[in-house]
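Q: The structure under discussion is supplied below as structure tokens; questions concerning it will follow.
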Amino acid sequence: MGERASRLRTAAALVYLRALHKAVASPIWVSFAGKRVVVYPRVFMPAGTASSALMAGCIRLEGWEEVLEIGCGSGALTVLLAERARRVVAVDVSRRALACTLANLASFGLLEKAEVRLGSLYSPLKPGEVFDVIVSNPPYLPTPRGEHMWGAGLGLELLRELVLGASKRLKPGGRLYTSASTLTPATLLAKVMGRAGFDVRVAGAKRTPLDTIVVLEGRLRAHT
Ligand SMILES: C[S@@+](CC[C@H](N)C(=O)[O-])C[C@H]1O[C@@H](n2cnc3c(N)ncnc32)[C@H](O)[C@@H]1O
């Protein structure tokens, strides 16, 4: 895709995302991966967008694994992770998102398997705390980070920090699942992951009218 086409499609994606989220003025219940979950206003909508559901279908977990989710939003994905893994730590910069995540965990009886923490990326973690799997459906559009639900920064700074941090917060052989799009572009993210010590594969992809969304699975080769 040419640079101009990519810029136009990114602008169209922003118009759609802003309108979708503006329409939610009070908590609403939506269907996500066969479950009814609540989504609060100004929290990322996991229905009507493609990335959350794609991630839900791509992540493979063992029952003994400990998972870190960066950017839990409504907690729609967190609920699935908590069902499939031993324990989940869910992080977000938004208090509202964490409240929504707690409401959804509570409605599925999963509060004991999950913990929510407020802060950016890995900052709420304890020294030396490491995980078997890190999951993030991050803000991945190449737009300013001020729009924290979808803007990764013009140079995709947030994605670079996410990947670099993951290489330090995963156990050897651990996995990072993250999403990107042809607008990101996903090929650049895959290169960033490769340089950070991950063997990368495409775990899933879905075409939308504006882009193709991909889920990348990175397996950490060794700590550097
Ligand atoms: C695209 S939404 C994904 C939400 C949810 N995981 C899902 O799949 O539906 C991205 C989330 O990342 C959060 N976020 C943005 N910047 C962050 C950061 N620096 N650290 C942690 N979370 C962040 C946003 O508040 C938002 O909830």
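What follows is calculated from the coordinates using simple rules that are stated; it is not laboratory data. Just so you know, these numbers come straight off a predicted model, no measurement behind them. Don't worry about glycine lacking a Cβ; one is built from the backbone with ideal geometry, like all the others, and counts go over all protein chains shown.
Q: Can you say what percent of the DSSP beta bridges in the range 3-220, counting only those with both residues inside, are antiparallel? Round to 5. Write down the numbers at each step before the final one.
A: Working: 21 of 40 bridges.
In the range 3-220, DSSP labels about 50 percent of beta bridges as antiparallel.
Q: Okay, which of the range 86-102 sit inside 12 Å, backbone N to the point 7 Å along the Cα-Cβ direction of E129?
A: Zone members listed by number: 88-92.
Q: Find, among the chymotrypsin sites (Phe, Trp or Tyr not before Pro) in the range 1-82, those assigned to loop by DSSP (not H, G, I, E, B) with at most 11 other beta-carbon atoms within 10 angstrom. Present the calculation step by step, with values, prior to reporting the outcome.
A: Details: sites: Y16, W29, F32, F44, W64; in loops: F44, W64.
Loop-located and lightly packed - W64.
Q: Quick one: Karplus J couplings for the range 201-213, per residue in order, coefficients 6.51, -1.76, 1.60, θ = phi - 60°, nearest Hz, x for Gly and Pro?
A: For the range 201-213, the Karplus curve yields 9, 7, 8, x, 8, 9, 7, 10, x, 10, 7, 10, 9 Hz.
Q: So, in Å, what gap is there between the alpha-carbon centers of the range 92-113 and the range 26-61?
A: 13 Å
Q: Using each residue's phi in the range 132-143, evaluate 6.51 cos²θ - 1.76 cosθ + 1.60 at θ = phi - 60° and report the 3J(HN,Hα) Karplus result to the nearest Hz, with x for Gly and Pro.
A: For the range 132-143, the Karplus curve yields 7, 9, 10, 10, 8, 9, x, x, 10, 6, x, 10 Hz.
Q: Compute the relative contact order of the chain as a whole-number percentage, counting only Cα pairs closer than 8 Å that sit 6 or more residues apart in sequence. Can you show the working numbers first?
A: Values: 456 pairs, mean separation 37.4, N = 224.
The normalised contact order for the chain reaches 17 percent.
Q: How large is ³J(HN,Hα), in whole Hz, for each residue of the range 114-130 in order, when computed from phi with the Karplus curve 6.51 cos²θ - 1.76 cosθ + 1.60 and θ = phi - 60°, using x for Gly and Pro?
A: Once θ is set to phi - 60°, the couplings for the range 114-130 become 9, 9, 10, 9, 8, x, 8, 6, 9, 4, x, 7, 7, x, x, 6, 10 Hz.
Q: What 222 nm value per residue comes from the helices of the chain, counting each DSSP H run with n ≥ 4 as -39,500 (n - 2.57) and dividing by all residues, nearest 500 deg cm²/dmol?
A: Values: 6 runs with 73 residues, N = 224.
After summing the helix terms and dividing by residue count, I get -10000 deg cm²/dmol.
Q: Place a +1 charge on the Cβ of each Lys and Arg in the range 4-101 and a -1 charge on the Cβ of each Asp and Glu, then give the dipole magnitude about the Cα centre in debye, rounded to the nearest 20. Can you show the working numbers first?
A: Details: 14 positive and 6 negative charges, 107 e Å.
The calculated dipole for the range 4-101 is roughly 520 debye.
Q: Once label points are set 7 Å from the Cα along Cα→Cβ at both T212 and A5, what is their separation, rounded to one decimal in nm?
A: With each label placed 7 Å out from Cα toward Cβ, I get 1.2 nm.
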